[in-house]
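Novice: Okay, handing you the structure first.
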Amino acid sequence: MTSSSVASPNFGDLALLPAVLSAVETLGYQTPSPIQMETIPALLEGRDMLGQAQTGTGKTAAFALPLLSRLELTRREPQVLVMAPTRELAQQVAVSFSRYGQNLQGLEVATLCGGQEYREQLGALRRGAQVVVGTPGRIIDHLDRGSLKLDGLSALVLDEADEMLRMGFIDDVKRVVADTPKEAQRVFFSATLPAEIERIVNRYLVDPVKVAIESRTTTGENIEQRLVRVDGGAKLEALSRILEVEPVDGAIVFVRTRAACTTLTEQLSARGLNVASLSGDLDQSLRERTIQRLKRGKVDVLIATDVAARGLDVPRITHVFNYDLPQDSEAYTHRIGRTGRAGRTGTSITFVGFREGRKVGWIEQATGQKMSEMAVPDESAIRAHRDEAFHQKVIAALTAGAEEQQALVERLIGEGYDPVELACAFARLARADEAPIGRLQAPRKERAPRDAKPGRGPRDRAPSEGMTRYRVSVGHKDGVKPGQLVGALANEGGIEGARIGRIDIRNAFSVVELPSSLPSSILAKMARARVAGRPLEISEDRGTPERAPRRRNDDGQAPIRRQSRA
Ligand code: ADP
Ligand code: MG
């Protein structure tokens, strides 16, 4: 083997623009990730591409670095358009473009997301942004207004295409793909390849380079996966003990429902931990603030539901706990991928109830990796850990010196006390505030309040608990699909799609359940959202003059999984 094939790959070998390369160096990226290795040369050549990879594999740089290298900075019109399914993902991508392009004179990046002021967006477009990143709804909106033009586009990127499909943006996506100039590069990234995406790929991509980064090799290798056999009532104590003895910097604890999120957050904070919850209950700005607090170390443990933690990228997460088992192996892979970010190592610990063994088998089969079993630390392990920590503290105090205590100690010795006994007494005093070690068996079963589940009955039933019905002014006659409404309302309002309840599409309008607690400012934003070319004009639904023929969201296109999503 020659020495060059042994050396790890280098960004310098990838023919990136020097100004882009220097930014990568400033950011401290040492070597390109596998998907970057495969993607960058092909995109520099201007090829179309279909990339299949999970989150956390470095996709953003994989497309941003080559596309930035190919920009004509003096041509002040959109050249690169990136569509992402959610506001948060779009913002992340936009920030990445600005970072990777920090040494490009005159680079302007416009972010076109729902729920945000048009003024800033229009300003960036008018200044001649070369890179435009946004969510489908708002991008379409700017196209309709004429403020966004695609004629000068040299590349279109769909990030997380399958997620866009799931959120009901398929028609918007098709339209943008079709309106992109023929000769522009088309680059699609998707974790999975549903038929609908495949159709668009076959129709619009020309001889695409196909890159697939196996999730098996991207997750897992740097994540130590363990399982703990523990049932219901004992989980809380097990979690506290493991959090105490493991070398945790930041942790995410996954639970199944929003209610469980709240309960566990309260329980752990009562035990003195710096904990916060991240569930579908939070609106976008509160969610962003919570993540900032986690990043800055103001919070160490985040209790989260699957949907709320989607795409979360916080490098200091050393541990992921599956307090409740995930629904399936895909959710499992996504959860544990929240640790071991950017080439670090991480640990995942999965709680498995005594009747849940089979599910673990399925997960292991799907991920191709075995979880190693660990025991809940027993009392002696906790004591040993605390002794060790105290030992360190004493040594540190010795080094720091404690002369001011000398007179007192000499006096006690002068009174005839044995120095060892004295030291024991001091240690005991110093450790008086260590928490008692809890019991592993729960004294009684506590019942967590059940999440309000939307009913499936006919529409004239009362709205689901905590929800209010609103009427929006698009219906079957506009060809609207439930998924489209979820996507538009979620992005414009800046709330999680999972917070949107039942949707009933009628002919001339639709009825949507939204949380009663939504502030009117969010409703006002939602009302401005456009679907099928029409503003939604939300108003509270007070009965109906039109009889619903039948609920029709069984078209299989955009399943709204309101049942299990938390
Ligand atoms: P994805 O879109 O696949 O989920 P991102 O592009 O968001 O992944 O990247 C995940 C994280 O890895 C980010 O924090 C990013 O800054 C970091 N990253 C990307 N490429 C590299 C690299 N080559 N070396 C080190 N860190 C990287
Ligand atoms: Mg990404």
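The values are calculated or read from the model by the stated rules, or taken from the named source; none is laboratory data. Computed from a predicted structure; not experimentally measured. Cβ placement follows ideal geometry from the backbone for every residue including glycine, while neighbour counts extend to all protein chains displayed. Surface accessibility is based on the protein's heavy atoms, side chains included, excluding ligands, DNA and RNA. Shrake-Rupley method; radii C 1.70, N 1.55, O 1.52, S 1.80 Å.
Novice: Using a simple spin-label model with points 7 Å from Cα along the Cα→Cβ vector, what separation in nm is obtained for Q105 and Q392?
Specialist: The modelled label-to-label distance comes out at 5.1 nm.
Novice: List, in order, the whole-Hz ³J(HN,Hα) value for each residue of segment 430-440 obtained from phi through the Karplus relation with A = 6.51, B = -1.76, C = 1.60 and θ = phi - 60°; use x for Gly and Pro.
Specialist: Those phi angles translate into 5, 9, 4, 9, 5, 5, x, 8, x, 9, 7 Hz.
Novice: For the pair D144 and A508, what calculated FRET efficiency results from E = 1/(1 + (r/R0)^6), where r is the Cβ-Cβ distance and R0 = 22 Å, to the nearest 0.05? Write out the running numbers ahead of the final one.
Specialist: Values: r = 21 Å, r/R0 = 0.98.
So, using R0 = 22 Å, E works out to roughly 0.55.
Novice: Efficiency by 1/(1 + (r/R0)^6): what FRET value for D151 and H385, r their Cβ-Cβ distance, R0 = 56 Å, to the nearest 0.05?
Specialist: Numbers: r = 65 Å, r/R0 = 1.15.
According to the calculation, E is roughly 0.30.
Novice: Would you mind checking which residues have amide H under 5 Å from V253's amide H? H placed 1.01 Å from N; only 5 or more apart, or other chain.
Specialist: It is L302, I303, A304, F321, by chain and number.
Novice: Please list, in order along segment 497-502, the HN-Hα scalar couplings obtained from phi with the Karplus expression 6.51 cos²θ - 1.76 cosθ + 1.60 (θ = phi - 60°), rounded to whole Hz, x for Gly and Pro.
Specialist: Rounded to whole hertz, the list is x, 5, 7, 7, x, 5.
Novice: Given a cut-off of under 8 Å on Cα pairs at least six residues apart, what relative contact order in percent is computed for segment 458-540?
Specialist: Values: 144 pairs, mean separation 33.7, N = 83.
Taking the mean separation of contacting Cα pairs over the length of segment 458-540, I get 41 percent.
Novice: Measure off 7 Å from each Cα along the Cα-to-Cβ vector at V245 and A195, then give the distance between these two points in nanometres to one decimal.
Specialist: A separation of 5.2 nm, rounded to one decimal place.
Novice: State the extension gain, in nm to one decimal, for the chain segment bounded by L27 and I413, taking 0.36 nm per residue of separation less the distance between their alpha-carbons.
Specialist: Working: separation 386, 0.36 × 386 = 138.96 nm, distance 5.85 nm.
Residue separation times 0.36 nm, minus the Cα-Cα distance, leaves 133.1 nm.
Novice: What are the residues whose amide H is under 5 Å from the amide H of V211, where those residues sit 5 or more places off or on another chain and H is modelled from the backbone?
Specialist: L50, G51, Q52
Novice: What residues qualify as long-range amide H neighbours of G501, i.e. H under 5 Å apart, gap of 5 or more or another chain, H built at 1.01 Å from N?
Specialist: Correct list: E513, L514.
Novice: Turning to a different aspect of this structure: Using mean Cβ contacts within 10 Å as the protection proxy, how do 516-527, 467-478 order, highest first? Don't skip to the answer; put the middle values down first.
Specialist: Numbers: 516-527: 15.3, 467-478: 18.9.
Most protected by this proxy first, the peptides run 467-478, 516-527.
Novice: Using per-residue counts of other Cβ atoms within 10 Å, averaged over each peptide, order 322-328, 11-17 from highest down.
Specialist: Ranked from most to least packed, the peptides come out as 322-328, 11-17.
Novice: Can you work out the accessible area per residue across the chain, with the rest of the protein chains kept in place, probe 1.4 Å, in square angstrom? Each step should come with its number before you reach the end.
Specialist: Working: 27580 Å² over 566 residues.
Dividing the accessible area of the chain by its residue count gives 49 Å².
Novice: If I take R0 = 22 Å and measure r between the Cβ atoms of R271 and F426 in this structure, what FRET efficiency does the formula 1/(1 + (r/R0)^6) give, to the nearest 0.05? Intermediate results must be reported in sequence, preceding the final value.
Specialist: Numbers: r = 27 Å, r/R0 = 1.21.
With R0 = 22 Å, the Cβ-Cβ based efficiency is 0.25.
Novice: Taking 0.36 nm per residue of sequence separation and subtracting the Cα-Cα distance, how much length would be gained by fully extending the chain between D378 and K298, in nm to one decimal? Write down the numbers at each step before the final one.
Specialist: Working: separation 80, 0.36 × 80 = 28.80 nm, distance 2.92 nm.
Extra length available between D378 and K298 comes to 25.9 nm.
Novice: Within 12 Å, Cβ to Cβ, of K174, how many net charges do the neighbouring residues add up to if Lys/Arg are +1 and Asp/Glu are -1? All intermediate terms of the calculation are to be shown ahead of the outcome.
Specialist: Numbers: positive: R175, R199, R203; negative: D171, D172, D179, E196.
Summing Lys and Arg as +1 and Asp and Glu as -1 gives -1.
Novice: Do the sum for the chain: with -39,500 (n - 2.57) for every DSSP H run of n ≥ 4, divided by all residues, what is the mean residue ellipticity at 222 nm, to the nearest 500 deg cm²/dmol? Before the final figure, lay out each step's value.
Specialist: Values: 21 runs with 216 residues, N = 566.
So the calculated ellipticity at 222 nm is -11500 deg cm²/dmol.
Novice: For a quick protection proxy, order the peptides 380-392, 363-375 by their average other-Cβ count within 10 Å, most packed first. Intermediate results must be reported in sequence, preceding the final value.
Specialist: On the way: 380-392: 13.1, 363-375: 14.8.
Packing proxy ranking, top to bottom: 363-375, 380-392.
Novice: Multiply the residue separation of E404 and E288 by 0.36 nm, subtract the distance between their alpha-carbon atoms, and state the gained length in nm to one decimal.
Specialist: Working: separation 116, 0.36 × 116 = 41.76 nm, distance 4.74 nm.
Taking 0.36 nm per residue and subtracting the Cα distance, the gain is 37.0 nm.
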